[in-house]
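Input: a single structure, listed below in structure tokens.
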Amino acid sequence: MQIAAVYIAYFFLSAAWSNGLGWLAMADLLRVGLLVFLFFAVTVLLAVNEDAFESRLFRWFCLVGGASLILVFLIQLPALDKDHWRLAGFGRAAQPVIGSTLFGFIFLVAGLALLPQASGKGERVLWLVIMALCAAFILMASSRGPLLALAAALCSAFALAHRRLAIAVVGLLGAAILVGLSVDFRPVSELFARGSSGHIALWQQALQAIAERPWFGHGSLVEISFEGKHGLSRSPHNLLLANHLYGGVPATLLLGALFAAGAAGALRVAREGKPIYLVLLVFGFVAALFDTRTLVQNLGREWITIWLPLALLAGHMIRAQRTHSPAPGEKTAGPTP
């Protein structure tokens, strides 16, 4: 939690050397930064004080996602044609890439957190149906970045989660791909046939901008545009590059410390039998390598894919530490041989 606070505070400080420094821009950065810290702190507090908070949150998150996907398929699937063949969602998920990332998160939560704890056959079927809907959306949205992130997360699940469950989750996604290819459904078949997304050109421009001010970056309020495949873009579509572009070496070190602390804690909890945090962090990190500015600016899916797993992990670890801490005056057991 301390690393997150320092990371956010540094982005406030970096505004001081931005060419685009202004009161309105500074107020917006302050607003978003405070919201991030408040979101993180409140989530940690709820996870620490309520044992069932995380499971209820995951349950309702997946139920709402599943209900929205039913509406997506009922309303938008009949409207797909040769000119508008990529499936999209509603609201923030209206962009296929953002929708694929959010529903990939739901896919993992339903498969690796809720399915193992299902109380009966009916509940297991419910989570499997939601997973199938998520897999279908991801493939029909034809977004390769979220699919790569999902593949990386599933690989970590293979290594850490229940092997039989991980195989079942991968098998479900593989079956969806085979069905889409066998019926020659355009979004699925062209998922692998589409040309370059233009990310390489954006990353090259970002590296050139970083080379101009490598140590402390251009500042969090600088206005930089990149020439992309679909016109001008404000983001290099890569968290690591964008983070260094705006904040320089200190921002990169703080981001590395944030993810390293999260990965170390998630790995320790995974060895205790709960791999969902590490799997979600792998998914969020890989997804951020394809379409993210920083964790303080222009936030969208990062609330869910990065900040939420980090906060839930912090809450879980604090709660576990309190549970295993000896009561005042209680003697601790000596070291075991």
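Of the candidates 99, 104, 111, the single residue that is outside the structural domain of residue 269 (by TED's automatic domain parsing), touching a residue at least 40 places away in the same chain (Cβ under 8 Å), in contact with a Leu (Cβ under 6 Å, 6 or more places away or on another chain) and not basic (Lys, Arg) is 104.
For every residue, the table says whether it meets (1) touching a helix residue (DSSP H, G or I) at 6+ places or on another chain (Cβ under 8 Å); (2) over 30 Å from residue 322 (Cβ atoms).
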site	(1), (2)
51	yes, no
56	no, no
73	yes, yes
76	no, yes
86	yes, yes
89	yes, yes
93	yes, yes
103	yes, yes
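Screening residue 21 on (1) within 23 Å of the chain's Cα centre (by Cα); (2) not in a helix (DSSP H, G or I) shows it passes everything except condition (1).
Checking 227, 223 one by one, the residue that is farther than 22 Å from residue 287 by Cβ, in contact with a strand residue (DSSP E or B) (Cβ under 9 Å, 6 or more places away or on another chain) and outside any helix (DSSP H, G or I) is 227 and no other.
The values are calculated or read from the model by the stated rules, or taken from the named source; none is laboratory data. All of these numbers come straight from a predicted model, not from anything done at the bench. Because the Cβ atoms are built from the backbone with ideal geometry, glycine has one as well, and the counts that use them run over all protein chains shown.
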